[in-house]
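Undergrad: One structure follows; several queries about it will come next.
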């Protein structure tokens, strides 16, 4: 046991204590934190913040700590989206914001690629998938626009120090099984609000073995578990990913949970995990892929911050390559919306995009698009298998579509066969 | 005589896409509100009256960070939501917009259309038959925020006070 002066702390507690200017914080206490970085996009950001700032007659607390990403309504498809994006661009210019990424990709993927994240930071995002930043050992969570206004004006925000749920993954994932499957399995087991707005921490050998982008998939879908944050203690994988993004002075030491810190631990065996699929209309409606029999699919969607990063595109391409397929199953439409320009460019250079196009894939803009029903909506009545995070009724723009969530491996295998398919059958 | 509130009864897992569908997110809150809950209760937006309350199952407000999912209920005049559990993100958004959320483990006892009263100091929902349903405590600063009408009016007040000479 540690002494009263230095109680054992979880990673979440250490991150919050630092932001609150404290040595340590106790679970359940409400503290005020200094925000290191506030990220928002065209939908949650300027169009909502600008009028409220004007109403208050207030200024932005620190422009260098703000990142604006245009990803929801770009490319503009109608007058409303043109208006919304124009507000964002005008405001960025007016305010002379130093960090603006317009049409570069989805905020949660662009933010680390542009070197804005590092271990130890306390960040907020105007989007529910903001826990993605936790993969880098930063405390990051989503907030609404009004609360973002509070941050933008004061630079501060309150949090109730969360309990930590440690998701400890032993063993090793089989080929064709990925972080998305781990996450669907955890959400299925805990439920959509099983995280109870606590901090989830992913750990264990199987998590350590994941690439940075796969780790981001875990943290990203902490939102679907109802957690506030989804943390992964930084290590050499993190250091390397940060260096690639131009961050060379990151501190990774000390940003982990003390051995004897209080947490609720759930153990999982990665080696025993089969590919998972979440049936309509909830990400918690999860079963192993072999439980889906002959479910036909008409649309395969590889998109979103959750499921169209470079590693996701690589996974899908591997399935297609292994199958040696020249075309998809009859009647299947494959749509691919890479998560960022950088990821798409790298995928181009690796021949992945050409392979996808040759199969007849429709390549969509690097934006949120159909995932949130904001654009490129899917057809009514279709069975859709998607790499996205949510399959709520109507979420993708059609109330009659049936959306199944799965990994990029499973989505690719299903596009090849025209029915929900275990990718291990193709990769074997 | 305390004010009574009519109950709209909903199930569990009411998500933000049901409260504020993505397809209408381009619009202003008044227009979004006309589509609020149209997937589960098509008549809700047209028939809900100022002062009504929603009683729902667990996990109310799961999903997106879009605060319009709370704003639509404010716009329609909903006085409070009563449910056993909320999405944490929705919980923050609601109070920031001045919408009262009561965490009530027995919310499911409430019936469609019944009239209830709220006893905030006593932390209870009182049913028409007199039954009291206990609610969890809400931190004082959040109750103050609801009383002020949300974070924006509160910030405005604070900034004005700071500007006034002492």
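The values are calculated or read from the model by the stated rules, or taken from the named source; none is laboratory data. Quantities reported herein were computed from a predicted structural model and do not represent experimental measurements. For neighbour counting, all protein chains shown are included, and Cβ atoms are generated from backbone atoms with ideal geometry for every residue, glycine included.
Undergrad: Take residue A:58 and decide whether it is within 11 Å of chain B (Cβ to nearest Cβ) and touching a helix residue (DSSP H, G or I) at 6+ places or on another chain (Cβ under 9 Å). First the steps, then the outcome.
TA: Details: within 11 Å of chain B (Cβ to nearest Cβ): yes; touching a helix residue (DSSP H, G or I) at 6+ places or on another chain (Cβ under 9 Å): yes.
Yes; evaluated as a whole, the condition is true for this residue.
Undergrad: What about residue A:372, is it under 24 Å from the mean Cα position of the chain (by Cα), within 14 Å of chain B (Cβ to nearest Cβ) and buried (at least 22 other Cβ atoms within 10 Å of the Cβ)? Let's see the steps before the verdict.
TA: Numbers: under 24 Å from the mean Cα position of the chain (by Cα): yes; within 14 Å of chain B (Cβ to nearest Cβ): yes; buried (at least 22 other Cβ atoms within 10 Å of the Cβ): yes.
Yes: the conditions hold for residue A:372.
Undergrad: Taking the stretch B:88-98 as the region of interest, how many residues are crowded, with 22+ Cβ neighbours inside 10 Å and touching a residue at least 40 places away in the same chain (Cβ under 8 Å)?
TA: Within the stretch B:88-98, residues that are crowded, with 22+ Cβ neighbours inside 10 Å and touching a residue at least 40 places away in the same chain (Cβ under 8 Å) number 4.
Undergrad: Give me the residue from the stretch A:354-371 that is modelled with pLDDT under 95 and not in a loop (DSSP other than H, G, I, E, B) and, out of that set, nearest to residue A:212 (Cα to Cα).
TA: A:371
Undergrad: Mind checking which residues of the stretch B:139-164 are more than 9 Å from chain A (Cβ to nearest Cβ), closer than 30 Å to residue B:108 by Cα and outside any helix (DSSP H, G or I)?
TA: If the condition is that a residue be more than 9 Å from chain A (Cβ to nearest Cβ), closer than 30 Å to residue B:108 by Cα and outside any helix (DSSP H, G or I), then B:149 is the only one that fits.
Undergrad: Follow-up. Looking at residue A:287, is it more than 15 Å from residue A:412 (Cβ to Cβ) and not assigned by TED's automatic domain parsing to the domain that holds residue A:213? Give the derivation first.
TA: Details: more than 15 Å from residue A:412 (Cβ to Cβ): yes; not assigned by TED's automatic domain parsing to the domain that holds residue A:213: yes.
Here the answer is yes, as residue A:287 does meet what is asked.
Undergrad: If we scan the stretch A:139-160, do we find a residue that is assigned to a loop (DSSP other than H, G, I, E, B) and more than 26 Å from residue B:156 (Cα to Cα)?
TA: no
Undergrad: Hey, which of the strands (runs of 3 or more DSSP E) in the stretch B:70-138, taking only ones fully inside, have at least 3 residues that are over 30 Å from residue A:48 (Cβ atoms) and more than 9 Å from the chain's Cα centre (by Cα)? Steps first, please.
TA: Values: elements: B:80-83, B:100-103, B:115-119, B:124-126, B:132-134.
The strands (runs of 3 or more DSSP E) meeting that bar are B:115-119, B:124-126, B:132-134.
Undergrad: Quick check: anything in the stretch B:59-67 in a strand (DSSP E or B), touching a helix residue (DSSP H, G or I) at 6+ places or on another chain (Cβ under 9 Å), surrounded by 24 or more Cβ atoms within 10 Å (Cβ to Cβ) and within 14 Å of chain A (Cβ to nearest Cβ)? Let's see the steps before the verdict.
TA: Restricting attention to the stretch B:59-67, the residues satisfying the condition of being in a strand (DSSP E or B) are B:60, B:62.
Subsequent filtering for residues that are touching a helix residue (DSSP H, G or I) at 6+ places or on another chain (Cβ under 9 Å) retains B:60, B:62.
The next check asks that each one be surrounded by 24 or more Cβ atoms within 10 Å (Cβ to Cβ); those that pass are B:60, B:62.
After this cut, where a residue has to be within 14 Å of chain A (Cβ to nearest Cβ) as well, the list is B:60, B:62.
Within the stretch B:59-67 (the criterion being in a strand (DSSP E or B), touching a helix residue (DSSP H, G or I) at 6+ places or on another chain (Cβ under 9 Å), surrounded by 24 or more Cβ atoms within 10 Å (Cβ to Cβ) and within 14 Å of chain A (Cβ to nearest Cβ)), the answer is yes, since at least one residue qualifies.
Undergrad: A further question on this structure: Of all residues in the stretch A:190-220, which are in a helix (DSSP H, G or I) and closer than 26 Å to residue A:303 by Cβ? Before the answer, list the steps.
TA: Just the residues of the stretch A:190-220 that are in a helix (DSSP H, G or I), to begin with: A:190, A:205-208, A:212-220.
Passing the criteria: A:190, A:206, A:207, A:212, A:213, A:214, A:215, A:216, A:217, A:218, A:219, A:220.
Undergrad: Still on this structure, please answer the following. Among what's in the stretch B:23-50 and is without any contact (Cβ under 8 Å) to a residue 24 or more places away in the chain, away from chain A (no Cβ under 12 Å) and assigned to a loop (DSSP other than H, G, I, E, B), pick the residue that is surrounded by the fewest Cβ atoms within 10 Å (Cβ to Cβ).
TA: Ranking the candidates gives B:43 first.
Undergrad: Further question on the same structure: Based on this model, can you work out whether residue B:134 counts as touching a strand residue (DSSP E or B) at 6+ places or on another chain (Cβ under 8 Å), more than 13 Å from chain A (Cβ to nearest Cβ), closer than 25 Å to residue A:29 by Cβ and at pLDDT 95 or above?
TA: On the way: touching a strand residue (DSSP E or B) at 6+ places or on another chain (Cβ under 8 Å): yes; more than 13 Å from chain A (Cβ to nearest Cβ): yes; closer than 25 Å to residue A:29 by Cβ: yes; at pLDDT 95 or above: yes.
The answer is yes for residue B:134.
Undergrad: In the stretch A:1-99, which strands (runs of 3 or more DSSP E) lie fully inside it and hold 3 or more residues that are assigned by TED's automatic domain parsing to the domain that holds residue A:119 and farther than 22 Å from residue A:305 by Cβ? Can you show your working first?
TA: On the way: elements: A:30-34, A:37-41, A:66-70.
Of the strands (runs of 3 or more DSSP E) lying wholly inside the stretch A:1-99, those with at least 3 residues that are assigned by TED's automatic domain parsing to the domain that holds residue A:119 and farther than 22 Å from residue A:305 by Cβ span A:30-34.
Undergrad: Which of the numbered conditions does residue A:254 fail, given that it passes all the others? Conditions: (1) at positive phi; (2) assigned to a helix (DSSP H, G or I).
TA: Exception for residue A:254: condition (2).
Undergrad: Then there is this: Here is a list of conditions, (1) without any contact (Cβ under 8 Å) to a residue 40 or more places away in the chain; (2) closer than 27 Å to residue A:51 by Cα; (3) more than 8 Å from chain A (Cβ to nearest Cβ); (4) out of contact with any strand residue (DSSP E or B) (no Cβ under 9 Å at 6 or more places or on another chain), and residue B:20 meets all of them except one; can you say which number that is?
TA: Going through (1) without any contact (Cβ under 8 Å) to a residue 40 or more places away in the chain; (2) closer than 27 Å to residue A:51 by Cα; (3) more than 8 Å from chain A (Cβ to nearest Cβ); (4) out of contact with any strand residue (DSSP E or B) (no Cβ under 9 Å at 6 or more places or on another chain) one by one, residue B:20 breaks only (1).
Undergrad: Taking residue B:3 as the residue in question, decide whether it is away from chain A (no Cβ under 14 Å), in a loop (DSSP other than H, G, I, E, B) and more than 11 Å from the chain's Cα centre (by Cα).
TA: yes
Undergrad: Tell me whether the stretch A:240-248 contains one or more residues that are touching a helix residue (DSSP H, G or I) at 6+ places or on another chain (Cβ under 8 Å), in a helix (DSSP H, G or I) and either within 20 Å of residue A:388 (Cα to Cα) or assigned by TED's automatic domain parsing to the domain that holds residue A:342 (or both). Even if it seems obvious, please write down each step before you answer.
TA: Just the residues of the stretch A:240-248 that are touching a helix residue (DSSP H, G or I) at 6+ places or on another chain (Cβ under 8 Å), to begin with: A:240-242, A:245, A:248.
From what is left, the residues that are in a helix (DSSP H, G or I) are A:240-242.
Subsequent filtering for residues that are either within 20 Å of residue A:388 (Cα to Cα) or assigned by TED's automatic domain parsing to the domain that holds residue A:342 (or both) retains none.
No, the stretch A:240-248 contains no residue that is touching a helix residue (DSSP H, G or I) at 6+ places or on another chain (Cβ under 8 Å), in a helix (DSSP H, G or I) and either within 20 Å of residue A:388 (Cα to Cα) or assigned by TED's automatic domain parsing to the domain that holds residue A:342 (or both).
Undergrad: When you look at residue A:74, is it closer than 30 Å to residue A:265 by Cα, touching a helix residue (DSSP H, G or I) at 6+ places or on another chain (Cβ under 7 Å), surrounded by 24 or more Cβ atoms within 10 Å (Cβ to Cβ) and touching a residue at least 40 places away in the same chain (Cβ under 8 Å), yes or no? First the steps, then the outcome.
TA: Working: closer than 30 Å to residue A:265 by Cα: no; touching a helix residue (DSSP H, G or I) at 6+ places or on another chain (Cβ under 7 Å): yes; surrounded by 24 or more Cβ atoms within 10 Å (Cβ to Cβ): yes; touching a residue at least 40 places away in the same chain (Cβ under 8 Å): yes.
Answer is no for this residue.
Undergrad: Checking residue A:206 against (1) closer than 30 Å to residue A:360 by Cα; (2) in contact with a helix residue (DSSP H, G or I) (Cβ under 7 Å, 6 or more places away or on another chain); (3) crowded, with 21+ Cβ neighbours inside 10 Å, which single condition isn't satisfied?
TA: Against the list (1) closer than 30 Å to residue A:360 by Cα; (2) in contact with a helix residue (DSSP H, G or I) (Cβ under 7 Å, 6 or more places away or on another chain); (3) crowded, with 21+ Cβ neighbours inside 10 Å, residue A:206 comes up short only on (1).
Undergrad: Sticking with this one: For the stretch A:119-138, indicate whether the set of residues that are within 14 Å of chain B (Cβ to nearest Cβ), in a strand (DSSP E or B), farther than 26 Å from residue B:155 by Cα and within 16 Å of the chain's Cα centre (by Cα) is non-empty.
TA: No, because not a single residue in the stretch A:119-138 is within 14 Å of chain B (Cβ to nearest Cβ), in a strand (DSSP E or B), farther than 26 Å from residue B:155 by Cα and within 16 Å of the chain's Cα centre (by Cα).
Undergrad: For the stretch A:168-187, name all the residues that are buried (at least 24 other Cβ atoms within 10 Å of the Cβ) and part of a strand (DSSP E or B).
TA: Passing the criteria: only A:169.
Undergrad: Follow-up. Any idea which of A:126, A:137 is farther than 23 Å from residue A:71 by Cα, in the same structural domain as residue A:50 (by TED's automatic domain parsing) and buried (at least 24 other Cβ atoms within 10 Å of the Cβ)? Spell out how you get there, then give the answer.
TA: Values: A:126 fails: farther than 23 Å from residue A:71 by Cα.
Residue meeting the stated conditions: A:137.
Undergrad: On to the next question. From (1) within 14 Å of chain B (Cβ to nearest Cβ); (2) in contact (Cβ under 8 Å) with a residue 60 or more places away in the chain; (3) within 25 Å of the chain's Cα centre (by Cα), pick out the condition that doesn't hold for residue A:52.
TA: Status for residue A:52: all satisfied but (3).
Undergrad: Given (1) within 12 Å of chain A (Cβ to nearest Cβ); (2) at pLDDT 95 or above; (3) farther than 24 Å from residue B:25 by Cβ, where does residue B:102 come up short, assuming only one miss?
TA: Condition not satisfied by residue B:102: (1).
Undergrad: Sticking with this structure for a sec: Run down A:198, A:213, A:205, A:156 and say which single residue is at negative phi and assigned by TED's automatic domain parsing to the domain that holds residue A:18.
TA: A:156
Undergrad: With respect to residue A:229, is the statement that it is touching a strand residue (DSSP E or B) at 6+ places or on another chain (Cβ under 6 Å) and over 27 Å from residue A:126 (Cβ atoms) true?
TA: Details: touching a strand residue (DSSP E or B) at 6+ places or on another chain (Cβ under 6 Å): yes; over 27 Å from residue A:126 (Cβ atoms): no.
Against the criterion (touching a strand residue (DSSP E or B) at 6+ places or on another chain (Cβ under 6 Å) and over 27 Å from residue A:126 (Cβ atoms)), residue A:229 does not qualify.
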